[in-house]
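Written out below as structure tokens is the structure these notes cover.
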Amino acid sequence: MSHGAPAIRLPAGSLVLLVGPSGSGKSTFAARHFPRTHVLSSDEMRAIVADDPADQSATDAAFELLHTALALRLARRRTSVVDATNVERWARERLLAVARRSGRPAIAIAMALPVEVCLERNERRSDPRPPGAIRRQHRRLLASLASLPEEGFAAVHVLDSAEAVDAVDVEVG
């Protein structure tokens, strides 16, 4: 496990799981480092199925669509970035199973920023999440950090500050 490494090297055609609470910068990170077509966002999937990225009642359908798209992309050996909180082990296990079935490696990038940073960023969102939900997601992330390396990921990278997120370079190949 690396903490704040200056470069993250990803095998081509891998599953990249962004892990972190709302407000940790997952979507910004994905947009900065990956082509739009590589990113499978739970919010965008909610928008596709319900016309509203914040409609939590559409979550099951959104993840069904996300898992289907992920399986199709990995079968074609396309790098696929899952932009969702992924702070619960059961959710990560389902995504890892898709990668295993496709014979593709999975990499976790945990955005373990302080909860205060996530809450502050959340306040600036056009669609803020409930602060209690962010605190709960943050606790689940922290509880998961120790077990991530044992869950079947080829590599786990933990970015624990906004500076580490800004400084990291991502190389796919």
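The values are calculated or read from the model by the stated rules, or taken from the named source; none is laboratory data. Every value quoted in this text rests on a predicted model; they were computed, and no experiment measured them. Counting neighbours? That spans all protein chains shown, and the Cβs are built from the backbone with ideal geometry, glycine included.
Annotations
- You will find that of Ala108, Ala84, Ala61, the residue that is modelled with pLDDT of 95 or more, of a type in the set (A, V, I, L, M, F, W, C) and over 20 Å from Gly25 (Cα atoms) is Ala61 and no other.
- When region 50-70 is filtered for residues that are free of Cβ contacts under 8 Å to residues at least 24 places away in the same chain and surrounded by fewer than 17 Cβ atoms within 10 Å (Cβ to Cβ), the ones remaining, listed by number, are Ala50, Asp51, Asp52, Asp55, Gln56, Ser57, Thr59, Asp60, Ala61, Glu64, Thr68.
- Here Arg73 fulfils each of the conditions (1) assigned to a helix (DSSP H, G or I); (2) closer than 24 Å to Arg140 by Cβ; (3) in contact (Cβ under 8 Å) with a residue 12 or more places away in the chain; (4) not hydrophobic (A, V, I, L, M, F, W, C) apart from (2).
- Hits in region 60-92 (condition: closer than 17 Å to Asp127 by Cα and touching a Lys or Arg at 6+ places or on another chain (Cβ under 7 Å)): Asp83
- Selection from region 130-167 of residues that are within 18 Å of Gly23 (Cβ to Cβ) and in a loop (DSSP other than H, G, I, E, B): Pro130, Leu145, Asp160, Ser161
- The lone criterion from (1) surrounded by fewer than 16 Cβ atoms within 10 Å (Cβ to Cβ); (2) without any contact (Cβ under 8 Å) to a residue 12 or more places away in the chain left unmet by Ala47 is number (1).
- Residues being in contact (Cβ under 8 Å) with a residue 60 or more places away in the chain, in contact with a helix residue (DSSP H, G or I) (Cβ under 9 Å, 6 or more places away or on another chain) and of a type in the set (Gly, Ala, Ser) - total across region 8-42: 7
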